[in-house]
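Worksheet: the structure to be examined is printed underneath.
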Amino acid sequence: MNILENAVDCIKTQGKNYEKYSNEWNVMQQLIDIITAQPESAEIVLQDLNVKEMQVPALVKKITSKRIANPVEVMNAICDFYSIPKPSELPPEVWRMNSTSPAPAKSTEEQGFINLMDLL
């Protein structure tokens, strides 16, 4: 298992009690999206996850207590929390792809519809 997979497993374990699609779950998922898009950040996050004050519940509490709703602001707050580089744009949502590595999007002919998120 590589560092990215270890980090994702650790994040999911620490956030296993979050209800799917809740604010807490969304913050956890965005952390996974960020480290998947920037695998070089996974090692830093993985090391931090061993420190109680840096674990997923602490991150989630910090983000949700500030009531940050804008996904870019949440991404920036997550990156500040773990002192990792901020992506120039929101990374793709890994959980929608049901994998830890982003897969190429299917063409609109294969999907039969246009995903509006692809246009952003």
Residue hits (region 34-56; within 20 Å of residue 94 (Cα to Cα), open to solvent by 10 Å² or more (accessible area, probe 1.4 Å) and of a type outside the set (S, T, N, Q)) are 37, 39, 40, 43, 44, 46
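Quick one: would you say residue 69 is open to solvent by 60 Å² or more (accessible area, probe 1.4 Å) and either in contact (Cβ under 8 Å) with a residue 24 or more places away in the chain or more than 11 Å from the chain's Cα centre (by Cα) (or both)?
yes
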Pairing a residue in region 23-42 that is over 14 Å from residue 71 (Cβ atoms) with any residue that is part of a helix (DSSP H, G or I) and open to solvent by 50 Å² or more (accessible area, probe 1.4 Å), where Cβ atoms lie under 6 Å and the two sit 6 or more apart in sequence or on different chains, gives 42/3
What do you reckon, is residue 62 at negative phi and modelled with pLDDT of 95 or more?
no
Of the conditions (1) part of a helix (DSSP H, G or I); (2) of a type outside the set (A, V, I, L, M); (3) under 15 Å from residue 11 (Cα atoms); (4) open to solvent by 20 Å² or more (accessible area, probe 1.4 Å), the single one that residue 80 does not satisfy is (3)
Exactly one of 24, 93 is open to solvent by 50 Å² or more (accessible area, probe 1.4 Å), at pLDDT 90 or above and either closer than 16 Å to residue 4 by Cβ or of a type outside the set (Ser, Thr, Tyr) (or both), and that one is 24
Of the residues in region 62-77, those that are in a helix (DSSP H, G or I) and of a type outside the set (A, V, I, L, M) come to 62, 64, 65, 71, 73, 76
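The values are calculated or read from the model by the stated rules, or taken from the named source; none is laboratory data. If you're wondering where the values come from, they're calculated on a predicted model, not measured in any experiment. Every residue, glycine as well, gets a Cβ built from its backbone with ideal geometry; the counts of neighbours run over all protein chains shown. Accessible surface is based on the protein model in full, side chains and every heavy atom, while ligands, DNA and RNA are left aside. Shrake-Rupley method; radii C 1.70, N 1.55, O 1.52, S 1.80 Å.
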